[in-house]
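For reference, the structure discussed in these notes is given below.
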Amino acid sequence: MSKFSKIFFIILILNIITGCALNKDLPPQLTLIVKSNSGTNNGVPFHIALRSVDTQVFLTDSYQDVAELIFSTPPDTSVLGTAAIIPGSKREISVNRPEDMPVGIYCLFTEPGEEWKMMLSQPLYSKYTISLEQNRIIETEKIFHKKKGLIQRIFSSDPEE
């Protein structure tokens, strides 16, 4: 084995050990896959945000209140993550999954419709897919892994089902 190969092998082993040690303390993730068509938000990019929020607060959140929380400096502690969405694209967003609070999903469309926000109730799954059309959320898909490694998908247009 050459000197270069030995050094490479040692660095590789150290990276594996360090990576495994670092991953033990990471909190569980919630992944949101966002699917939009080219007509979403009239073809104009927009932001989406995930926020740890109480049900009563979610129900009374106005578009303006949410926009202020998301773009405040420093960021509001309830905001788990934000992302820019380009209409016609698919985007994956991963955030730390709250242990005991629901998660609000907010689409900051230029002209929001009635369904610009939705709530994911506890217990939270590890992965969700939402589909967007025009200025609204049209479908939610919960994805969870069963004990035997099978993936089951539950389709619903009502996120509370």
Qualifying positions in region 85-143 - touching a Gly at 6+ places or on another chain (Cβ under 8 Å) and among the β-branched types (Val, Ile, Thr): Ile93, Val95
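Residue by residue, here is whether (1) modelled with pLDDT under 95; (2) assigned to a strand (DSSP E or B); (3) surrounded by fewer than 11 Cβ atoms within 10 Å (Cβ to Cβ); (4) among the hydrophobic types (A, V, I, L, M, F, W, C) holds:
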| site | (1), (2), (3), (4) |
| --- | --- |
| Ser5 | yes, no, yes, no |
| Phe9 | yes, no, no, yes |
| Leu12 | yes, no, yes, yes |
| Thr18 | yes, no, yes, no |
| Ala21 | yes, no, yes, yes |
| Pro74 | yes, no, yes, no |
| Asp100 | yes, no, yes, no |
Where a residue in region 64-83 is on the phi < 0 side of the Ramachandran plot and its partner, wherever it lies, is buried (at least 17 other Cβ atoms within 10 Å of the Cβ) and in a helix (DSSP H, G or I), with Cβ under 9 Å and at least six apart: Pro75/Leu69; Asp76/Leu69; Asp76/Ile70; Ser78/Leu69; Val79/Leu69; Val79/Ile70; Thr82/Ile70
In region 55-72, the residues that are surrounded by 14 or more Cβ atoms within 10 Å (Cβ to Cβ) and assigned to a loop (DSSP other than H, G, I, E, B): Asp61, Phe71
Qualifying residue in region 137-148 (condition: at pLDDT 90 or above and buried (at least 17 other Cβ atoms within 10 Å of the Cβ)): yes
Residue count, region 102-115 (criterion: under 19 Å from Ser52 (Cα atoms) and either modelled with pLDDT of 95 or more or polar (S, T, N, Q) (or both)): 7
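The values are calculated or read from the model by the stated rules, or taken from the named source; none is laboratory data. Just so it is clear, the structure is predicted and the values come from calculations on it, not from any experiment. Neighbour counts are summed over all protein chains in view; Cβ atoms, including those assigned to glycine, are modelled from backbone coordinates with ideal geometry.
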